[in-house]
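The values are calculated or read from the model by the stated rules, or taken from the named source; none is laboratory data. Computed from a predicted model, the values in this text were never measured in an experiment. Cβ placement follows ideal geometry from the backbone for every residue including glycine, while neighbour counts extend to all protein chains displayed.
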Amino acid sequence: MQLKSGDLVLAAFGAVLAALYTVDAITKPGDASGWAQAALAWGFVAALAMLRTKPLFTAVLLVAGNAAWSAVWMLAPVNIGYTVWVATVPLAVFVARRFRRGPAVVAVTVAALAWSVISPFMWTWDERLVLFYRHGWDAGLMLVMHWAVVAVAYLLAANLAAEDAAAEAARQREAKAREERLLMVREEERLAIAREIHDLLGHTLTLIKVQANAGLTANQERESLEQIRAVASEALGDIRMLVRGLRGDNPDFAPTAGIAELPATLQRFREAGVQVEYQAPQHVQVPAVTGLAANRIVTEAVTNAARHQVNPQVRVTLTPLDEALEATVTSQGAIAPRTGAGIGLEGLRERAASTGGTLEVVQQGDTFTVRAVLGV
């Protein structure tokens, strides 16, 4: 059981008062009520030390202790002055409602209201110092004052408990939102990895297939195999770079594919037998993310043409716009039979969206046009 420092401080003040009652009892060895009050005082001290650690148990002890104190006080031979322990009754109601809920809290509150009837403050003295119970308006007013204090303690605790509940709900919502954001980030990372793997391997495997078919058709096995080896070696290098970046071995890792690498990429398609024209300004300055998106979109569009069209004629055009870059890939050729479901177009749209841009695909007969407007 971990006691609270604030409760221990309060218990220390109570211990000073309990010590005074103990000293008074020692000076009056024949007064049993004095020893009873001293014992009850130390009971209050123990309860105060557990005020927030065991609030409901403490509340029961405080109310029951005050009921016992009232009985001892009324039966004492001499009753002069009131005790500060009566303040622990509304304190009991406060801690019970502040930190707990349910029927037990209601029971403590009802007990505190009932105790008000036998509170030491319900008695007073006449001019001969004879103790008597208040009556009439005086008794009613004193009883209402007791109940008002208990009610204020209860309502204040209920308000603080509601604030705590609202704060806890807000913390839980924030924690859930953080978890959802983390899941979203992980999902975005997963999709980014999937796009990279698809883009790195998709066009490479397509080139290998086209080159192998060309070599078998033209009986140029050696030349085709050399081209396949070169393409495969480059793809392996790209994959190694991607894996190093994902593992964190290279903290400065960043995609190197951009607009400047497009001519070399398109040349590999030409060497594989795909007819590709490329038109772009001599120097196109765009952010790295835009350059990467343009490279991947163009490469994937040409790959799709080589994969799904027979002997396609492809034209690639890059056009700088105001605060944007337009990349257009037009391919013309008979449509080859499709096998399986592709995921390339979805990846292209995600690439464009990553720059704040858009992508559209239009088919007119045997002509496909992929047009991406990328933000810069």
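May I ask you to list pairs of residues, at least six apart or on different chains, whose Cβ atoms are under 8 Å apart, with the first in the range 176-191 being under 19 Å from Glu350 (Cβ atoms) and the second being surrounded by 10 or more Cβ atoms within 10 Å (Cβ to Cβ)?
Pairs that qualify, where the first residue is under 19 Å from Glu350 (Cβ atoms) and the partner is surrounded by 10 or more Cβ atoms within 10 Å (Cβ to Cβ), are Leu191/Glu350.
Does Val243 meet the test of being in a loop (DSSP other than H, G, I, E, B) and at pLDDT below 85? Quick ask: steps written out before the conclusion?
Values: in a loop (DSSP other than H, G, I, E, B): no; at pLDDT below 85: yes.
Taking the combined requirement at face value, the residue does not satisfy it.
Kindly indicate whether Thr109 is under 23 Å from Ala64 (Cα atoms) and assigned to a strand (DSSP E or B). If you could, list the steps in order and put the result at the bottom.
On the way: under 23 Å from Ala64 (Cα atoms): yes; assigned to a strand (DSSP E or B): no.
Judged against the criteria, Thr109 is not a match.
Given Thr83, Thr88, Thr124, Thr109, which one is polar (S, T, N, Q) and touching a strand residue (DSSP E or B) at 6+ places or on another chain (Cβ under 9 Å)? Break it down stepwise before answering.
Numbers: Thr83 fails: touching a strand residue (DSSP E or B) at 6+ places or on another chain (Cβ under 9 Å); Thr88 fails: touching a strand residue (DSSP E or B) at 6+ places or on another chain (Cβ under 9 Å); Thr109 fails: touching a strand residue (DSSP E or B) at 6+ places or on another chain (Cβ under 9 Å).
It is Thr124.
To keep it simple, each residue is scored yes or no on (1) assigned to a helix (DSSP H, G or I); (2) closer than 23 Å to Leu191 by Cβ; (3) not β-branched (Val, Ile, Thr); (4) not assigned by TED's automatic domain parsing to the domain that holds Glu188.
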| position | (1), (2), (3), (4) |
| --- | --- |
| Thr290 | yes, yes, no, no |
| Ala294 | yes, yes, yes, no |
| Thr303 | yes, yes, no, no |
| Gln363 | no, no, yes, no |
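Restricting the search to the range 126-163, which residues are farther than 20 Å from Trp115 by Cα, under 56 Å from the mean Cα position of the chain (by Cα) and free of Cβ contacts under 8 Å to residues at least 12 places away in the same chain?
Asn159, Ala162, Glu163
So if I check each of Gly347, Gly365, Gly356, Gly291, which one is surrounded by fewer than 24 Cβ atoms within 10 Å (Cβ to Cβ) and touching a residue at least 24 places away in the same chain (Cβ under 8 Å)? It would help to see each step written out before you state the result.
On the way: Gly365 fails: touching a residue at least 24 places away in the same chain (Cβ under 8 Å); Gly356 fails: touching a residue at least 24 places away in the same chain (Cβ under 8 Å); Gly291 fails: surrounded by fewer than 24 Cβ atoms within 10 Å (Cβ to Cβ).
Every option except Gly347 fails the conditions.
Being part of a helix (DSSP H, G or I), of a type in the set (A, V, I, L, M) and assigned by TED's automatic domain parsing to the domain that holds Glu350 is the requirement here; does Ala257 meet it?
Working: part of a helix (DSSP H, G or I): no; of a type in the set (A, V, I, L, M): yes; assigned by TED's automatic domain parsing to the domain that holds Glu350: yes.
No: the conditions fail for Ala257.
Exactly one condition in (1) under 18 Å from Val86 (Cα atoms); (2) not assigned by TED's automatic domain parsing to the domain that holds Arg100 is false for Trp123; which is it?
Trp123 satisfies every listed condition except (2).
Select, from Ala158, Ala87, Ala104, Ala92, the only residue that is closer than 24 Å to Arg52 by Cβ, of a type in the set (A, V, I, L, M) and surrounded by 16 or more Cβ atoms within 10 Å (Cβ to Cβ). Before you say what the answer is, go through the steps one by one.
Details: Ala158 fails: surrounded by 16 or more Cβ atoms within 10 Å (Cβ to Cβ); Ala87 fails: surrounded by 16 or more Cβ atoms within 10 Å (Cβ to Cβ); Ala104 fails: surrounded by 16 or more Cβ atoms within 10 Å (Cβ to Cβ).
One residue alone meets the criteria, Ala92.
Only residues that are in a helix (DSSP H, G or I), surrounded by 13 or more Cβ atoms within 10 Å (Cβ to Cβ) and either in contact (Cβ under 8 Å) with a residue 40 or more places away in the chain or among the charged types (D, E, K, R) (or both): list them for the range 72-84, please.
Here is the first cut: in the range 72-84, the residues in a helix (DSSP H, G or I) are 72-75, 84.
Next, only the ones that are surrounded by 13 or more Cβ atoms within 10 Å (Cβ to Cβ) stay: 72-74.
Listed by number, the residues that qualify are Trp73, Met74.
Looking for something part of a helix (DSSP H, G or I), touching a strand residue (DSSP E or B) at 6+ places or on another chain (Cβ under 8 Å) and surrounded by 18 or more Cβ atoms within 10 Å (Cβ to Cβ) - is there at least one such residue anywhere in the range 312-331?
Step one: of the range 312-331, the residues part of a helix (DSSP H, G or I) are none.
No, the conditions are met nowhere in the range 312-331.
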